[in-house]
Every structure is written in C-alpha cells, then in structure tokens.
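The values are calculated or read from the model by the stated rules, or taken from the named source; none is laboratory data. All values derive from a computational prediction rather than experimental measurement. So basically every Cβ, Gly included, is an ideal-geometry build from the backbone, and we count neighbours across all protein chains shown.
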Amino acid sequence: MVEQSNQLVSKQVIKNKASTLTTAQKSEKVSFKEKISKIFNAHKTKKVNKEYADYAIYIKDFTKKFKKFVAVDNATIKVKKGTIHGFIGPNGSGKTTTIKCLISAMIPTSGQLLVHGQDSWTVAAKKHIGYIPEAARFPKRISTYDYLVSMGEVSGLSTKQAKKKSEEILKDLNLWKFKKRNPNAYSSGMKKKVLLAQSLLNNPDILILDEPAANLDPTARTELFNDLRKLRKQGKSVLISSHILSELQALADEVTILNYSKVVYHGSVKQDKAKYELNTSDNAKLIKLLEAKEFQVEKYEKHLLVDIKKDEEINQVISIALKAKITIKLLKPYILDLQSMYEKIVMENNPNKPQKKGKQ
C-alpha cells in the first residue's frame, strides 16, 4: 500500500514538473516571439523618408550585440547611389556582422538598416540587393551555365528568362566559353566571377561584396575591380569590404572605417583639392595668420595641411611665414594615401593605446 502510495506521489511530482516545464517553455516561446516582433516593429518605417531614399544604403544608429559582447556599436553609414563604397577595418571590427544584418542573415539589436529608404529585411528591399559572400561553394556535377539557370529559376525568373539572363551575364564577364565547366574547377578569380554573375541574375541595383579580393592573384583582382567599375557606370551601387587598400583607393568613391566596433571614419578617398604639407618653427601662430587670410588649414599629425587653389598661393604662404619670422622646416605637395590614413586613424582610435603620462 505504501509502495503504491509512493508511486502515486512520484507520478504526481513528475506530472507537476512536466506541467511547470511546459508552462515555462510556452512562456519562453512567447517571449522570443515578442522579442522578434519588437525588433521588427522598431525597424519598421511606415513612410519612406526622402533623406533615406536618396541613398542606396542608409544604416542609422545600428548596434548588434551577442549577449554582452558589442559587435557593432551605434554605427551610421551612408552609401550614395551609383557609387562604390569601401568598407574597411581590422579583423573582428564588425564588418561582416554589419553585412549579415544588412542582408537579413542576422537580426540587428537596434537601429535602422535601409535600402532605398525601405527596411532591408522587407521583400521590396531585398529585390534591390545582390550579395557576394567571401567563400565560393558550388554543387558538384553541374555546368556553370546550368547552375546559373537554376539559380535564376529559384530567384523567380522563368526558365526562358533565366537562360537568356545567364547567357547575357556570362558573355559580359567573359565566362561564356567556360559555360560547360563545373565552377569548382575554376581558379579563385573565376569562382568569384561566377558569384558575381549569380548576384546579377535579378538585375539588382545594389551589390554587397564581403572580401571579394581574398585569395585572388593581382590579375584576377584587377579583372574583378574592372567589372565593378563597369557596373558603376551602369548606375549600380556597390558596398565592398576589402583589405587591399591601395587598389580600393583607386576603386572607391568613399570609405567607412570600422575599428573596435565603432565607425571611426566615413568620407571621401578622392583628393579634390591641391594640398601642401607644412611644418614650421611655430605652427600654432602660422595657423592663425593663414586663417586670417582665408586659407583652409588643418592639423595633420605634427604638421599642417594647407589647401592651395592657385599656384601663386604657395608663394603667399611662404611670404606670410617669413614676415612673421617663422622658419619653414618642411614644404611639399600632399598626396592622400588610404593606407597611411587608415593606419593613423586605427592607431588613434585604439582603446589599448598607451596613454601619455603627464608631468609629475
């Protein structure tokens, strides 16, 4: 009798635990659904703001956290229509996380990610985007042409449209003569071209590339970047993540630099004005004298950069310094170098940089 009673009690305890667990699980499911709903509602834009619609991509106050780790911290990035925008930063700075959130492979913690003024996770926005991942993986035993036709059909094209578009793109990218080969047999450069071809099947006006130049030889990189230039001429916008800064400077119109999860630079890499680098015995005094004469002067490390509109203005700068008895130690044309600029900005924004000790 006692044994039966114990069995009944045990069954009741198990039943109660199961009931409690089920309630907790239901609560957990509800809270997860609510969390997702809140995130999407927070990102929903009822009306397309003209300020956002003027840009191909507008990322505003974007943050992505993994528990306590902040992968991207309050980033704002604007990609103008019809431009190539470089996306650079050290490994682990948040570039790939940003791209994955932009293509809806991850859910942002907060902020807005907009494509032509529409939330990037919407179907309407996704129609604008062609994505090229860093790794190139293809099925076995399928030709390049058949692979692209299949991808076109999956994307919503009819078989006839997919065949026509695949042929057109393969010819544009000089891959038509290799159409019967399996993409896995290609070199790294040609594999990237197949990925580029795939991204163009739906004729998107925005291309997002995550390290497309990785593992490519110089010739393959040049071909890829030339293809991107052609697409820019066609009016397409490109966001490209790359570590090849010298080639990116020649390719991109603007760049964004991420460092330790934060945007530390966002602007042009084109030098639209002649500048001279200047160092003197009294830079602080010379800045005031030049600005009084309406010269544009900025500090550059321990030197000065002076905008020169006409050749005779450099003689005027020399004259101003000499009259004030300021010795000129250095005077030379300044050429913008993305690699040097990047290293300087990243070093300045390194939170682990040793602080200079003050006077004791």
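Just wondering, is there one or more residues in the range 229-239 that are among the hydrophobic types (A, V, I, L, M, F, W, C) and in a strand (DSSP E or B)? Yes, the range 229-239 has at least one match. Scanning the range 171-182 turns up one or more residues that are within 30 Å of Q249 (Cβ to Cβ) and either in a helix (DSSP H, G or I) or outside the structural domain of G235 (by TED's automatic domain parsing) (or both). Across the range 231-253, the number of residues qualifying as touching a residue at least 40 places away in the same chain (Cβ under 8 Å), of a type in the set (D, E, K, R) and surrounded by fewer than 19 Cβ atoms within 10 Å (Cβ to Cβ) comes to 2. Checked against the criteria, E223 does not count as among the charged types (D, E, K, R) and under 19 Å from the mean Cα position of the chain (by Cα). The residues listed here are P133, P204, P183; of these, the one that is under 26 Å from V70 (Cα atoms) and either without any contact (Cβ under 8 Å) to a residue 12 or more places away in the chain or not polar (S, T, N, Q) (or both) is P133. Residues in the range 104-136 that are surrounded by fewer than 18 Cβ atoms within 10 Å (Cβ to Cβ) and among the β-branched types (V, I, T): I107, T109, T122, V123. Filter the range 120-153 down to the residues that are closer than 17 Å to I59 by Cβ and part of a strand (DSSP E or B), then identify the one that is farthest from the chain's Cα centre (by Cα). In this case the residue turns out to be I129. Of the residues making up the range 288-325, those that are free of Cβ contacts under 8 Å to residues at least 24 places away in the same chain and surrounded by fewer than 18 Cβ atoms within 10 Å (Cβ to Cβ) number 19. The set of residues in the range 209-227 that are within 12 Å of K192 (Cα to Cα) and not in a loop (DSSP other than H, G, I, E, B) comprises L209, D210, A220, R221, E223, L224, F225, D227. Taken over the range 174-198, residues that are closer than 16 Å to L231 by Cα and either surrounded by fewer than 20 Cβ atoms within 10 Å (Cβ to Cβ) or of a type in the set (F, W, Y) (or both) amount to 1.
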